[in-house]
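Reviewing the structure listed below.
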Amino acid sequence: MRAATVLQRRRLTRVLPANDDGVPLATQGGDDRAATFFTAGAALPPQLAFLTSHGLTGPALNAAAELARRWRVPPEQALFAAGMMEPAAYYRALALELGAPFAADALRRGGLTPDGARYPDSIQAGVAPVTDAAGRRLFVLAPQGEALARLLDGRMRLTGAAIVTPEALARAVMRRHAPAIAHDAGHSLADARADLSCREGLTRSQSWGLAAAAAVVAVLAALAPAVLAGLFAVVFLSYAIVRLAATFATPGAMPGAVPGEGEAPPVAEADLPVYTVIAPVYGEANMAAHILQSLQRLDYPRARLDVRIVVEADDHATRVALIALQPPPWISIVVAPPGQPRTKPRALNVALVTARGEFTAIYDAEDAPDPDQLRKAVAAFRAAPPDVACLQARLAIDNSADGWLPACFALEYAALFDAINPGLARLGLPIPLGGTSNHFRTTALRQVMGWDAWNVTEDADLGLRLARAGWRVADLDSTTLEEAPVSIRAWLAQRARWLKGWMQVAITHSRAPGQAARELGLLGAWAAAAQCAGVVLSALGFPLFVLGAAVQFASGDLLSLDGWQARLGAAAAAAVALAGLAAGVAPLVAGARRRRLLPLLLLAPLLPAYYALVSLAAWRALVEQIRAPAHWNKTRHGVARSSRSGRLTYTGGTPSQPRRADASD
């Protein structure tokens with residue numbers, strides 16, 4: 001018993017003040033304020049009181065009761081979050097207390113079949129009808145909160161029932177409904193709104209329109225190249241204007257702007273809502289330790305965290321690696337049933353159905369978010385207008401010292417997340433989300449039916465769908481560190497997936513351009529079209545533009561201004577070149593300054609080579625879009641050799657151990 005008391009005290013010191021000997025202040029007696037929570041005879045909630053007969057001492061239970069009051073959560077959740085008791089041990093003790101069988105193991109092994117369970121209702125209610133091996137019908141209960149209190153107070157009758165853990169119940173119900181869950185995750189949006197999903201690809205009218213556009217381009221290229229150049233100049237100039245306007249947008253200058261970090265008052269701990277965090281992973285066994293470390297660094301009441309790491313059914317290595325590290329009770333491992341397409345957004349949809357949080361955040365396997373990011377997000381949401389559905393945190397590359405490719409990637413991310421996206425938010429224009437560190441109002445996310453499982457850049461698509469549904473995306477001034485690919489091969493595969501996704505975004509949102517324009521407004525529709533067309537066409541056209549300019553310069557035609565077509569072509573080329581240069585340089589400089597990456601601008605002479613790789617990835621993306629539109633190019637993580645912050649400290653058996661970059665790197 002003394003050993004148990006010592007263990008309880010160690011766990012209490014994680015959440016309560018302690019003296020120099022490691023004894024929680026609340027157990028020391030005297031007139032200390034904390035000691036009042038341990039007064040003899042103080043009433044314990046029924047969810048805790050029964051545990052005195054099952055090995056837990058008064059100080060631990062009183063501490064859990066105080067945490068429950070402080071966090072405003074059910075007492076048993078505070079007990080689990082503080083690490084004082086494992087859920088399996090708790091529900092086993094509950095079964096003993098109620099004189100009911102504990103059937104979590106039987107449910108897990110298939111001895112009980114939840115053939116009458118409903119998804120997700122049975123998980124949310126904590127009760128499901130089951131059939132045992134003899135064909136007898138009974139119920140399994142995983143009571144929580146008020147239902148648990150009523151059961152212990154004798155206000156609920158317990159006949160023909162067994163006790164299980166919530167985790168065992170959820171897994172059993174999901175196994176029972178695996179085919180339906182897989183179908184809904186992959187097809188619910190496409191079935192309900194085919195016009196907003198990329199599942200069907202190009203419509204017949206889009207195919208005819210694309211063929212007609214290709215014919216017009218071919219004719220103009222042969223008969224009136226200057227006119228063609230002028231048309232493309234309009235697209236590229238529009239893209240440049242959007243980038244420049246966003247870069248130079250003044251914080252707070254636009255009406256209705258969302259308060260920035262300094263303007264959003266912090267939310268009291270007792271008022272922090274339940275926050276769902278979803279981390280979809282695949283083939284990330286070597287990243288298991290990093291994933292858990294990053295999640296456990298989040299500064300948020302554990303009892304108010306609803307964390308789901310989603311693994312694919314056939315990814316046994318990652319699941320085993322995660323389980324071996326014994327994640328705390330507030331982190332659950334969700335197995336996505338087999339289904340099509342095999343994409344990240346499908347996995348996200350699986351977890352969204354039973355998400356309990358008022359807000360939902362998305363993180364990737366390699367992410368290292370600022371510990372206070374969730375608190376900042378809650379504060380920003382509370383201060384924001386109700387039409388702000390999503391906050392996009394700022395992503396930053398942390399292994400920029402690994403070579404010129406990650407360094408250019410770091411500059412690119414700084415331009416996008418520290419300059420362009422915040423400006424788009426201030427201007428009230430649609431924001432194509434980054435693939436991670438998105439924070440959503442869960443109700444808004446469900447209203448737009450989650451993610452399109454058939455779009456391999458589901459983030460950009462979701463940003464536009466939110467805007468079309470009348471929601472806004474705002475900037476969150478909090479950083480999530482990421483790892484850039486260190487090899488050209490890995491970088492090309494990742495960038496090809498991103499550009500293929502942009503093509504899919506263009507396909508989806510151009511099916512009914514008139515409707516999209518009405519939903520986004522003329523300015524929003526123009527900005528969205530400029531971004532979609534600009535990203536794709538500038539990448540595809542980069543080598544053609546360079547080659548054409550080189551040929552004209554070599555032949556002397558570049559200096560010839562005979563005729564209106566020549567003058568129009570020269571003017572268009574000059575405008576595109578100057579605007580493109582400004583739209584490329586200004587965000588880079590602004591982002592590098594804000595991210596303190598100015599020394600990396602010395603690599604600017606290498607940017608043409610970087611853009612050439614972007615173009616190569618775009619042409620690969622075009623081929624993939626034709627041959628395998630839903631194929632997901634998996635990016636291997638855990639390959640960083642350096643870390644500017646020192647926070648990419650992978651410990652899960654990575655190919656190379658990161659080192660902290662020197663200040664001179």
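Give segment 313-348 a look and list any residue that's among the aliphatic types (A, V, I, L, M), over 29 Å from residue 197 (Cα atoms) and either assigned to a loop (DSSP other than H, G, I, E, B) or in contact (Cβ under 8 Å) with a residue 60 or more places away in the chain (or both), or say none. Write out each step before concluding.
Step one: of segment 313-348, the residues among the aliphatic types (A, V, I, L, M) are 313, 317, 320-325, 331, 333-336, 347-348.
Then drop every residue that is not over 29 Å from residue 197 (Cα atoms), which leaves 317, 320-325, 331.
Of everything in segment 313-348, those that are among the aliphatic types (A, V, I, L, M), over 29 Å from residue 197 (Cα atoms) and either assigned to a loop (DSSP other than H, G, I, E, B) or in contact (Cβ under 8 Å) with a residue 60 or more places away in the chain (or both) turn out to be 321, 325.
Of all residues in segment 159-210, how many are outside any helix (DSSP H, G or I) and either touching a residue at least 12 places away in the same chain (Cβ under 8 Å) or not acidic (Asp, Glu) (or both)? Show your work before the answer.
Kept after step one, since they are outside any helix (DSSP H, G or I), are these residues of segment 159-210: 159-165, 177, 193, 197-203.
Okay, now just the ones that are also either touching a residue at least 12 places away in the same chain (Cβ under 8 Å) or not acidic (Asp, Glu) (or both), so 159-165, 177, 193, 197-199, 201-203.
So the answer is 15.
Yes/no matrix, rows are residues, columns are (1) of a type in the set (Lys, Arg); (2) surrounded by 14 or more Cβ atoms within 10 Å (Cβ to Cβ); (3) over 30 Å from residue 629 (Cα atoms):
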residue: 137; (1), (2), (3): yes, no, yes
residue: 149; (1), (2), (3): no, yes, yes
residue: 165; (1), (2), (3): no, yes, yes
residue: 176; (1), (2), (3): yes, yes, yes
residue: 189; (1), (2), (3): no, yes, no
Worksheet item: Which of (1) within 22 Å of residue 394 (Cβ to Cβ); (2) at pLDDT 95 or above; (3) surrounded by fewer than 19 Cβ atoms within 10 Å (Cβ to Cβ) does residue 620 not meet, given it meets every other one?
Response: (1)
Worksheet item: In this structure, does residue 443 turn out to be in a loop (DSSP other than H, G, I, E, B), in the same structural domain as residue 344 (by TED's automatic domain parsing), modelled with pLDDT of 95 or more and surrounded by fewer than 24 Cβ atoms within 10 Å (Cβ to Cβ)?
Response: no
Discussion item. When you check residue 471 against the structure, is it within 26 Å of residue 522 (Cα to Cα), surrounded by fewer than 24 Cβ atoms within 10 Å (Cβ to Cβ) and of a type in the set (Phe, Trp, Tyr), yes or no?
Written reply: yes
Worksheet item: Is one or more of the residues making up segment 451-458 at pLDDT 95 or above and either among the aliphatic types (A, V, I, L, M) or surrounded by fewer than 20 Cβ atoms within 10 Å (Cβ to Cβ) (or both)?
Response: yes
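Which ones in segment 454-474 are over 13 Å from the mean Cα position of the chain (by Cα) and farther than 12 Å from residue 429 by Cα? Before you say what the answer is, go through the steps one by one.
As a first pass, look at segment 454-474 and keep what is over 13 Å from the mean Cα position of the chain (by Cα): 454-456, 461, 464-474.
454, 455, 456, 461, 465, 469, listed by residue number.
Within the bounds of segment 331-339, is there any residue that is in contact with a Phe, Trp or Tyr (Cβ under 7 Å, 6 or more places away or on another chain) and at pLDDT 95 or above? Walk me through how you get there before you give the answer.
If we filter segment 331-339 for residues that are in contact with a Phe, Trp or Tyr (Cβ under 7 Å, 6 or more places away or on another chain), which is where we start, we get none.
Checking segment 331-339: not a single residue is in contact with a Phe, Trp or Tyr (Cβ under 7 Å, 6 or more places away or on another chain) and at pLDDT 95 or above.
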Worksheet entry | Conditions (1) of a type in the set (Gly, Ala, Ser); (2) in contact with a strand residue (DSSP E or B) (Cβ under 6 Å, 6 or more places away or on another chain); (3) more than 22 Å from residue 173 (Cα to Cα); (4) assigned to a helix (DSSP H, G or I); number of the one not met by residue 361 | (4)
Response to the item:
The correct count of residues that are in contact with a Lys or Arg (Cβ under 7 Å, 6 or more places away or on another chain) and either surrounded by fewer than 18 Cβ atoms within 10 Å (Cβ to Cβ) or under 17 Å from residue 366 (Cβ atoms) (or both) in segment 281-327 is 4
Worksheet item: Is there a residue in segment 574-586 that is at pLDDT below 95, surrounded by 13 or more Cβ atoms within 10 Å (Cβ to Cβ), closer than 26 Å to residue 482 by Cβ and in contact with a Pro (Cβ under 7 Å, 6 or more places away or on another chain)?
Response: no
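Within the bounds of segment 386-401, is there any residue that is aliphatic (A, V, I, L, M) and over 18 Å from the mean Cα position of the chain (by Cα)? Step through it out loud before you land on a result.
As a first pass, look at segment 386-401 and keep what is aliphatic (A, V, I, L, M): 388-389, 391, 393, 395-397, 401.
Narrowing the set further to residues that are over 18 Å from the mean Cα position of the chain (by Cα) leaves 401.
Among the residues of segment 386-401, at least one is aliphatic (A, V, I, L, M) and over 18 Å from the mean Cα position of the chain (by Cα), which makes the answer yes.
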Response to the item:
Flagged pairs (Cβ under 7 angstrom, 6 or more apart or on separate chains; first in segment 126-154, without any contact (Cβ under 8 Å) to a residue 12 or more places away in the chain and outside any loop (DSSP other than H, G, I, E, B); second of a type in the set (Phe, Trp, Tyr) and buried (at least 16 other Cβ atoms within 10 Å of the Cβ)) are none
Worksheet item: Which condition number in (1) assigned to a helix (DSSP H, G or I); (2) under 16 Å from the mean Cα position of the chain (by Cα); (3) not β-branched (Val, Ile, Thr) is the one that residue 503 fails?
Response: (2)
Item to complete: Could you give me the residue pairs with C-beta distances under 6 Å whose first residue belongs to segment 407-420 and is under 18 Å from residue 491 (Cα atoms), whose second residue is polar (S, T, N, Q) and in a helix (DSSP H, G or I) wherever it lies, and which are 6+ apart or on separate chains?
Response: 407/400; 410/400
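The values are calculated or read from the model by the stated rules, or taken from the named source; none is laboratory data. These numbers were taken from a predicted model, which means no experiment stands behind them. Cβ coordinates were reconstructed from backbone atoms using ideal geometry, including for glycine residues, and neighbour counts include every protein chain displayed.
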